[in-house]
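The values are calculated or read from the model by the stated rules, or taken from the named source; none is laboratory data. A quick note: this is a predicted structure, and the numbers were derived from the prediction, not measured. All Cβ positions, even for glycine, are placed from backbone atoms using ideal geometry, and neighbour counts span all protein chains on display. Areas reflect the complete protein model, heavy atoms only, side chains present, ligands, DNA and RNA absent. Shrake-Rupley method; radii C 1.70, N 1.55, O 1.52, S 1.80 Å.
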Amino acid sequence: MTIPSKAPRLVLASASPRRLDLLRQIGIVPDAVDPADLDETPLRDELPPQHALRLAAEKASCVAARHPDSWILAADTVVACGRRILPKAEREEEARRCLSLLSGRRHRVIGGIVLLVPGGYGPRRIDRLVRTDVTFKVLDRSETDAYIASGEWKGKAGGYAIQGRAGALVRWIGGSYSNVVGLSLHEVAGMLHGAGFPHPPIPHPNDEQA
C-alpha cells in the first residue's frame, strides 16, 4: 500500500457545532465541514443502535461523493428509553414529553460513528457504536418549566443538552461524557490513529504559548 505524500484531508459530515468543538478540543480541525441533508426518521422496527449507525453511514456516504480522496467522519446520536427513540425536539410539547420520560429514569445515549478511509490508505469503512447510560433526577414542574424556558432543548436529541443547564438534572452517568455531547472523543481518536491519520501532538502544559 502506498501512502500519499500530501497531507490527508478530513471532512466532518455534520452540521453540529458541538461535534466540531469537540474535535478541536483534542487538536483535530477538519479541513471542511459538509453536512448531509437526510431524512432521519427511524425505519419500522429499527432499534436505536441500528438507527444511529445507519444514519452515520448514510451521512458519510452522501458527503464522500462530494469529496473524493478525503477522509470522511460522520456521526449520529440517539437518545433511547428502552426500544423507543426519542426525537430531536423542535417544539415545546416534544421537549416536555422527552423530559417527562427521562425524569427519574435511566436512559441510553447511543453514538454511531463512521470513518471512511480513502483509497491511498486502503479504502475501508470503520464503524463504532458507543453507549452511555444516563440517569436523570426526578424533575418537578418548576425544574421542567425552567429548562424549557432556557431554550437549550431546541434541536437536541431527547430534548436536552448535557453540556448546558441540563447538567444539573443528571444524577448519574456511566460511560463517555463526550458521547452524550455528540461525539466520543476516545473512539474518534482511536479510529483515526488506527487508520493512519496523522494526529497533531498534544502540547505539554508547560510548553510556551505561541
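Out of everything in the range 19-49 that is out of contact with any strand residue (DSSP E or B) (no Cβ under 9 Å at 6 or more places or on another chain) and either hydroxyl-bearing (Ser, Thr, Tyr) or not in a loop (DSSP other than H, G, I, E, B) (or both), what residue ends up being surrounded by the most Cβ atoms within 10 Å (Cβ to Cβ)?
Among residues in the range 19-49 that are out of contact with any strand residue (DSSP E or B) (no Cβ under 9 Å at 6 or more places or on another chain) and either hydroxyl-bearing (Ser, Thr, Tyr) or not in a loop (DSSP other than H, G, I, E, B) (or both), the one surrounded by the most Cβ atoms within 10 Å (Cβ to Cβ) is LEU22.
Return the residues of the range 94-126 that are at pLDDT below 95, outside any helix (DSSP H, G or I) and closer than 20 Å to LEU23 by Cβ; say none if nothing qualifies.
Correct list: PRO118 only.
Restricting to the range 50-87, count the residues that are farther than 25 Å from GLY190 by Cα and surrounded by 18 or more Cβ atoms within 10 Å (Cβ to Cβ).
Qualifying residue count, the range 50-87: 4.
Which one of these does ALA95 not meet: (1) open to solvent by less than 90 Å² (accessible area, probe 1.4 Å); (2) touching a residue at least 12 places away in the same chain (Cβ under 8 Å); (3) under 27 Å from LEU192 (Cα atoms)?
(3) is the only condition that ALA95 fails.
Only one of (1) assigned to a strand (DSSP E or B); (2) of a type in the set (A, V, I, L, M, F, W, C); (3) open to solvent by less than 50 Å² (accessible area, probe 1.4 Å) is not met by LEU129, so which one is it?
For LEU129, the exception is condition (3).
I need the full set of residues from the range 98-112 which are surrounded by fewer than 15 Cβ atoms within 10 Å (Cβ to Cβ) and either out of contact with any strand residue (DSSP E or B) (no Cβ under 8 Å at 6 or more places or on another chain) or of a type in the set (Gly, Ala, Ser) (or both), in order please.
Residues satisfying the conditions are SER100, GLY104.
Which one of these does PHE136 not meet: (1) without any contact (Cβ under 8 Å) to a residue 60 or more places away in the chain; (2) surrounded by 16 or more Cβ atoms within 10 Å (Cβ to Cβ); (3) under 21 Å from GLU46 (Cα atoms); (4) not acidic (Asp, Glu)?
(3) is the only condition that PHE136 fails.
Considering only the range 176-189, how many residues are in contact (Cβ under 8 Å) with a residue 60 or more places away in the chain and either outside any loop (DSSP other than H, G, I, E, B) or more than 12 Å from the chain's Cα centre (by Cα) (or both)?
Of the residues in that region, 8 qualify.
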